[in-house]
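Each remark here refers to the structure printed beneath this line.
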Amino acid sequence: MSPITLTLDQAQRIVTVHVFPAASISSFAEVSNDSYSYTTSTKAYFIQIKPESISASESQSPLPTSYILLISRPPAQTSPSSPDPSLSLPLATIHKLLTSISTSTSIRLPSIRAIDTSLTDKEIPYHWLLLDVPALPPQPSSADYYALIDVQLGIYLKELHGVQNEYFGVPDSPYSSTDTSTTPSFSIPGFTGAEGADGFNFDEDLTQYSWQDTFTLLLDTLLDELSTSSQSDITKYVPDIQAHIPAIRAHLARAMGSFLFDDVEMPSLLWVTGAEEDVFVVVPRAMMDQLQPEFDELSSSSHFDPSVAYILPTFTHALWGDPLLEALFMPPRPSWPFAQGYTRESINVNDELTNLAATVSEDSSLGVVDNPLIVFPRQRTKRIWYTLYLALLVLYEHTREDAGQGELASECSCHTKLAWASDTVPRCVEALKEAPCY
């Protein structure tokens, strides 16, 4: 299967219809994705519009000149009993999530301008989502020297986890559909159903009400995919993967017997694969002279603190589940300022964030702290499982059959995460041998 790619002409067609008829693209480039959120099913592009081409617009407010365009193939039809192990959500679902996050939290996300999943334009064989982004000079976040950014990320993640749901699992799961004709059912002998038949039929899957059942199903499905012959490329990076899979399943049976994952009561909305690479920041004044000349006026402002400009909409692996699963909680994370942002009930952005940043600058030993979501040893074991799950997910995404017309993942820009996953899987398997489940 050929890789997803969009041409400048195709992007111009979308901009002409959904931004302004005379709008002309001046810059068009694919967004490099070397984070945990990499997936072969979705690509993103930065688009810059020539300001003079939209100056004649009669819009009440000036039209943005910067956009992000997400494209993806139409989602494959999967059955409820066989979910997509990559958990790559379709753009229609991502659109719903972005809308919900924007209305329920203060997280800075690109604004939705248009979406099309109809495939009516034969020149564009993809689903696409067009988003407005700030016309500021964003730079990838660096948590090492942006304590303020780390605090803001902690606040945002806490807000995201405050968006909750009635069931665990994949957003817009087939199980949550009102159409019960495709959902599993079972009967309890001795009970009479609504229609008077012997046995009480439950037209819903009860797995979705248990995080342990949900997580183990997702993990087991992923293991099944990784063990198939079509995923032979994985052995290039984890030669002993076929030996590791039975060991993983044995460790998983022990964990399930101890109900390791059953301490999660409320399904929270999870970013899952989100990391610092997905966060773009507005850089401080001292660094503005290194940027393009058109931002000189902004650099001359009297005060310009670093802040989150926006978060890339990399929610293709989002879940309803356990907040501890977030990649941002993977050791050696979280940093001290991140933990402060996540655990505080309220923070005055103008005053208290600056004080926190100053504290970190004075005491470098505060750089890494205990995870605020880990209290008992069993929760540290659970975090090992979540790290293993992320590593397996990264391996799967980088070795899918349609990944770049057969180009080796090691030749992609995302090779650093692949190397991380290759090293992490055997280390997690070894750590789980003696990890406590009590």
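The values are calculated or read from the model by the stated rules, or taken from the named source; none is laboratory data. The model shown is predicted, which means the values in this text are computed figures rather than measured ones. When we count neighbours, we look across all protein chains shown, and the Cβ atoms used for this are built from the backbone with ideal geometry, even at glycine.
Some notes on this structure:
- The condition of being within 30 Å of residue 97 (Cβ to Cβ) and either at pLDDT 80 or above or surrounded by fewer than 19 Cβ atoms within 10 Å (Cβ to Cβ) (or both) holds for residue 265.
- Residue list for region 118-131, restricted to those being buried (at least 16 other Cβ atoms within 10 Å of the Cβ) and outside any strand (DSSP E or B): 124, 126
- Residue tally, condition among the small types (Gly, Ala, Ser), touching a residue at least 12 places away in the same chain (Cβ under 8 Å) and surrounded by fewer than 19 Cβ atoms within 10 Å (Cβ to Cβ), over region 45-58: 2
- The C-beta contact set for region 386-407 (first residue more than 14 Å from residue 238 (Cα to Cα), second residue buried (at least 23 other Cβ atoms within 10 Å of the Cβ) and at pLDDT below 70, distance under 7 angstrom, 6+ apart or interchain) comprises 403/409.
- Within region 28-52, the residues that satisfy the criterion of being of a type outside the set (D, E, K, R) and more than 26 Å from the chain's Cα centre (by Cα) are 49, 51.
- Per-region count, region 30-49, residues touching an Asp or Glu at 6+ places or on another chain (Cβ under 9 Å), in a strand (DSSP E or B) and not small (Gly, Ala, Ser): 3
- Scanning region 98-131 for residues that are of a type in the set (A, V, I, L, M, F, W, C) and under 16 Å from residue 13 (Cβ atoms) yields a total of 7.
- Of the candidates 44, 56, the single residue that is touching a strand residue (DSSP E or B) at 6+ places or on another chain (Cβ under 7 Å) and of a type outside the set (Ser, Thr, Tyr) is 44.
- Test: residue 310 is within 25 Å of residue 39 (Cα to Cα), in contact with a strand residue (DSSP E or B) (Cβ under 9 Å, 6 or more places away or on another chain), aromatic (Phe, Trp, Tyr) and modelled with pLDDT of 80 or more: yes
- Selection status of residue 338, at pLDDT 65 or above, crowded, with 22+ Cβ neighbours inside 10 Å and assigned to a loop (DSSP other than H, G, I, E, B): no
- Against the numbered list (1) surrounded by 14 or more Cβ atoms within 10 Å (Cβ to Cβ); (2) within 21 Å of residue 17 (Cβ to Cβ); (3) touching a residue at least 40 places away in the same chain (Cβ under 8 Å), residue 42 comes up short only at (2).
Rundown of residues vs (1) modelled with pLDDT under 85; (2) over 29 Å from residue 264 (Cβ atoms); (3) not in a helix (DSSP H, G or I), yes/no style:
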residue: 404; (1), (2), (3): yes, yes, yes
residue: 410; (1), (2), (3): yes, yes, no
residue: 420; (1), (2), (3): no, no, no
residue: 438; (1), (2), (3): yes, no, yes
